[in-house]
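Have a look at the structure below before the remarks.
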């Protein structure tokens, strides 16, 4: 299924960070999650025609977004991630 973003959305892929292995002998609970950074670097997979800065975007280029604003959309077996252009804070 081909997904095409509209309404100023940018399709992205969140770059998975490698988990930090504890250097000490301290054992943490299984449900422990370290705090995430507010911003994330993501790869661009597509964008809507009405994105204001679309002329500065290309596929697989990286941008910085507010991590909490990335939305996951389930499409059958596939998950698509999108973010509204307002939550892009920089282009790398």
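The values are calculated or read from the model by the stated rules, or taken from the named source; none is laboratory data. A quick note: this is a predicted structure, and the numbers were derived from the prediction, not measured. Neighbour counts are summed over all protein chains in view; Cβ atoms, including those assigned to glycine, are modelled from backbone coordinates with ideal geometry.
With the structure loaded, tell me whether residue 65 is at pLDDT 95 or above, assigned to a strand (DSSP E or B), touching a helix residue (DSSP H, G or I) at 6+ places or on another chain (Cβ under 8 Å) and more than 10 Å from residue 10 (Cα to Cα) or whether it fails that test. When the stated conditions are applied, residue 65 passes them. Pairing residues of segment 1-23 that are at positive phi and surrounded by 10 or more Cβ atoms within 10 Å (Cβ to Cβ) with residues that are outside any strand (DSSP E or B) and modelled with pLDDT of 95 or more, at Cβ distances under 9 Å and at least 6 apart in sequence or on separate chains, gives 7/48; 7/50; 8/48; 8/50; 8/51; 8/52; 8/85; 8/86.
Consider residue 50 carefully, then state whether it is modelled with pLDDT of 95 or more, part of a loop (DSSP other than H, G, I, E, B) and exposed (fewer than 14 other Cβ atoms within 10 Å of the Cβ). Yes, satisfied. What are the residues in segment 1-39 that are at pLDDT 95 or above and assigned to a strand (DSSP E or B), if any? Answer for segment 1-39, where residues must be at pLDDT 95 or above and assigned to a strand (DSSP E or B): 9, 10, 11, 12, 13, 39.
Residues in segment 72-81 that are in contact (Cβ under 8 Å) with a residue 12 or more places away in the chain and surrounded by fewer than 12 Cβ atoms within 10 Å (Cβ to Cβ): 75, 76, 78. For segment 82-92, a residue qualifies if it is out of contact with any helix residue (DSSP H, G or I) (no Cβ under 7 Å at 6 or more places or on another chain), part of a strand (DSSP E or B) and touching a residue at least 40 places away in the same chain (Cβ under 8 Å), and the qualifying residues are 82, 88, 89.
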